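Written out below as structure tokens is the structure these notes cover.
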Amino acid sequence: MTLCVPMLLGAQTLTFTDHEPLGNMRTQVTEQFFRLVEQESKGRIRIDDHWNGEISSSYDAFETVHEGKKTDMATVVPEYDSQRMPLHQLFKSFLAGPSGEVQVALIRKAYKTIPELTEELHRAGIHPVLVATGYPVGFYSQKPMADLSALKGQTWRTASFWHISYLENAGAKNKRIPWGEQVSDSLHSGIIDGIMVNIDSGWDIGAHRVAPHLLVSQELWLGHIYLVAMNLDRWNALPTKDKRAIERAASKTYKAMGKTMDESYEQMLQQLSNEGCTVRHLTHEEVSDFVITVRQSEVQERWVKEKESEGTAHVHRVFKKLHSLVQHSAKR
């Protein structure tokens, strides 16, 4: 990464790892954040960034940063470690939510007003320095679908346990297939009819070439949290002035994040269209009806009760608070 300020004598270097290659919307936001960290710290902090799983895979990132031996920071996906971060699973339980600046504002407010989220991460030995999400969810299908009612009787692939429940409640079957080339092969051979996934991940594996019909909406937010997380001991050891510099850098990153998300979304859809993918935008009414059809509230409440019975603290309070934030943002 090109440094924006001169390296100072005695400055410290923080090592960072991400499982994705540098270049997509989310990783570019992260890189910009690092540039701002160097600027705000006036060169006291340098980020030694590593991409494309060079140090750790997505599934191992939490353990890697938690140990703090190979890296000081990592992009951590809470969904991949649900046992240690159960409260964070609630973000993805919402099929529909805001996009762009409103989404960024919602997530920031969630961490400000629901202390249990940060407390959960601290118990897990990590500290969130930046919180981002990805592109909205889309439905890539082999054959044209007039609407989402066409899911009934079909076989689809999705990864999230929430989305599996929603597909099944829509009348579809879920086929478990490891992510990557096997998914594309399964689409090509007809083993599955389509995939429910964030649109950029579908792009990454070339899903649009074998499943060229896409139903999408910015309201179908991914709810997939990407934490730029630091080893908690490393964070606690930083001088106060360096912590404040990182926080200022994060604040500036958030201010630009919404616009970047919106612009990148439109660029991604245009690129898909240019390569022959038929893109149809679902209406607000279609998305709202789908949330009802898949019995989102029922699935959420059942999961919350299960976690309560297992002894997960504060899960009901966190769910109610997050639900209120999502509902309020939908009115903006």
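Can you give me the long-range amide H partners of Arg157? Hydrogens built in the peptide plane at 1.01 Å from N, cutoff under 5 Å, separation of 5 or more residues or another chain.
Lys175, Gly194, Ile195, Met196
If the reach is capped at under 18 angstrom between alpha carbons, list the aspartates and glutamates near Lys320, excluding any in the same chain fewer than eight residues apart.
Within the straight-line limit of under 18 Å, Lys320 reaches these aspartates and glutamates: Glu116, Glu119, Glu120, Glu298, Glu301, Glu306, Glu308.
Please work out the ratio of the alpha-carbon Rg of the chain to 2.2 N^0.38 Å and round it to two decimals.
Here the answer is 1.00, to two decimals.
Take region 1-104, drop everything but the C-alpha atoms, weight them equally and run the Debye formula without solvent; then report log10 I(q)/I(0) at 0.12, 0.16, 0.17 Å⁻¹ to two decimals.
Relative scattering, expressed as log10 I(q)/I(0), comes to -0.50, -0.83, -0.92.
Which GluC sites (Glu not before Pro) from region 45-111 combine a DSSP loop assignment with at most 13 other Cβ atoms within 10 Å?
Of the GluC sites (Glu not before Pro), the ones in loops of region 45-111 whose Cβ has at most 13 other Cβ atoms within 10 Å are Glu54.
Which lysines does Lys143 reach when only Cα atoms under 28 Å apart count, and residues fewer than 8 places away in its own chain are ignored?
Output for Lys143: Lys92, Lys152, Lys173, Lys175.
Please give the residues of region 213-240, grouped as numeric ranges, whose backbone N is less than 15 Å from a label point set 7 Å along the Cα-to-Cβ vector of Asp262.
Under cut-off, by backbone N: 218-219.
If amide hydrogens are placed 1.01 Å from N in the peptide plane, which non-local residues have theirs closer than 5 Å to the one on Asp48?
Result for Asp48 returns Leu14, Thr15, Phe16.
Within region 205-284, report the GluC sites (Glu not before Pro) that DSSP leaves as loop and that have at most 12 other Cβ atoms within 10 Å.
Sites meeting the loop and neighbour criteria: Glu275.
Greater than 19 Å separation of Cα atoms is the criterion. Which listed pairs, Lys112/Lys321; Lys112/Lys259; Lys70/Lys241; Lys109/Lys305; Lys243/Lys321, meet it?
Lys112/Lys259; Lys70/Lys241; Lys109/Lys305; Lys243/Lys321
Run the helix sum for the chain: -39,500 (n - 2.57) per DSSP H stretch of 4+ residues, divided by residue count, reported at 222 nm to the nearest 500 deg cm²/dmol.
Mean residue ellipticity at 222 nm (helix-derived): -14500 deg cm²/dmol.
With an 8 Å cut-off on Cα pairs and a minimum separation of 6 or more residues, tell me the relative contact order of the chain in percent.
It comes to 24 percent, rounded to a whole number.
Suppose the chain between Trp179 and Phe161 were pulled fully straight at 0.36 nm per residue; how much longer would it get relative to their current alpha carbon spacing?
That works out to 5.0 nm of additional length.
So which helices of the chain fit the span-like rule, where a helix is a whole DSSP H run, its Cα atoms reach 18 Å or more along the axis, and its mean Kyte-Doolittle is at least -1.0?
Helix filter hits for the chain: 25-40, 100-113, 315-330.
Whole number please: convex hull volume per residue of the Cα set in region 76-201, in Å³?
Considering the Cα atoms of region 76-201, their hull volume per residue is 124 Å³.
How high is the FRET efficiency from Lys42 to Ala330, r the C-beta distance, R0 35 Å, rounded to 0.05?
0.30
Tell me which trypsin sites (Lys or Arg not before Pro) from region 1-100 have a DSSP coil assignment and no more than 11 other beta carbons within 10 Å of their own.
Listed in order of number, the matching sites are Lys69.
The numbers here are math on the coordinates, done by the rules we state, and not lab data. Owing to the predicted nature of the structure, the values given are computational and were not obtained by experimental measurement. In this analysis, Cβ positions are derived from the backbone assuming ideal geometry, glycine residues included, and neighbour counts consider all displayed protein chains.
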